[in-house]
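First up is the structure itself, then whatever we jot down about it.
The values are calculated or read from the model by the stated rules, or taken from the named source; none is laboratory data. The structure presented is a predicted model; accordingly, all values stated were derived computationally and were not measured. Note that each Cβ is placed from the backbone with ideal geometry, even for glycine, and that neighbours are counted across all protein chains shown.
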Amino acid sequence: MPARPSRSGRSAPRFSRVFVHLTLLGYLLLALLPVLLVLMNSFKSRDAIFNDPLAWPTAETFSLIGYTKVMARSDVWLYFQNSFVVTTASLFFILLFGAMAAWGLSEYRFAGGRWLRFFFAFGIMVPIRLGTVSILQTMVSLHLVNTLTALVLVYVAQGLPLAIMILSEFMAQVPGELKDAARCDGVDEFRIFLLVVLPLIRPAIATVAVFTMVPVWNDLWFPLVLAPSDKTQTITLGIQQFVGQYATDWNAVLASLALAIVPVVGLYALFSRQLIRGITAGAVK
């Protein structure tokens, strides 16, 4: 007769699953707690924020004074527009040029291809902020200071190395039979790239989009250095006007942060399924 599995043998996998789920739940709470605190306290009065920052807004503590100050004392919609334009343009050019470069590196063999890969890998390892002085001098010579174009150029240069490395690895996994079949049917290389390869690497594209969008949207350094004027400020730079050396308007700061969080959360919710597929691709091979 076949041996029956012991109770201890069945309980071990169950215990491991419970442990994994509890660990993931703890990490989820740890990641969401700062966001939840910002959203909660943005709808509270200043005294309620300092008296009990962990409490939910009540009928006595609920207040929209932070959002009122943000709308009245700053051009928040212009800041949002600038951040949206810079982030959207940067994402478009990073995905466009990154996908084209990744296609060339993964599909064709040419002299210097290995060194070119090393060059892009080197761009990931070296922080672009180390070249801030040279970047500022270049933008001054090109008369691009206090323009959104300067920010887009910097962010495209910053995001291209990672995009190329991720997309090239995914493109290398596309079956060669599909591309050869398309070539036999008379399909040119550009249409193979556009109609065959890109639809198959949508998870990688979503992963690159999220990983690129968050640093660009949240960046404070380059908007402060390259575009600090009132007409070119981004949302993260515009929030800083409520932070003073001796006094900080926490109602306005928390309200501004709550407004700045919404696009990032929305993008993640939109691409969450593709993002998870891109991160976990190859994990079960």
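What the table below lists for this structure:
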{"quantity": "Enumeration of residues in region 106-139 that are under 24 Å from the mean Cα position of the chain (by Cα) and polar (S, T, N, Q)", "calculated": "T132"}
{"quantity": "Residue that is farther than 24 Å from G238 by Cβ, aromatic (F, W, Y) and at pLDDT 85 or above, where the choices are Y79, Y67, Y27", "calculated": "Y27"}
{"quantity": "Verdict on F193 being closer than 21 Å to G113 by Cβ and in contact with an Asp or Glu (Cβ under 9 Å, 6 or more places away or on another chain)", "calculated": "yes"}
{"quantity": "Those helices (runs of 4 or more DSSP H) lying entirely in region 54-171 with at least 2 residues farther than 28 Å from L259 by Cβ, out of contact with any Asp or Glu (no Cβ under 9 Å at 6 or more places or on another chain) and without any contact (Cβ under 8 Å) to a residue 60 or more places away in the chain", "calculated": "76-107, 113-125, 132-141"}
{"quantity": "Matching residues, region 207-256, being over 21 Å from the mean Cα position of the chain (by Cα), within 25 Å of I65 (Cβ to Cβ) and outside any helix (DSSP H, G or I)", "calculated": "D230, V243, G244, Q245, Y246, A247, T248, D249"}
{"quantity": "Qualifying residue in region 184-203 (condition: in contact with a Gly (Cβ under 7 Å, 6 or more places away or on another chain), in contact (Cβ under 8 Å) with a residue 24 or more places away in the chain and crowded, with 19+ Cβ neighbours inside 10 Å)", "calculated": "yes"}
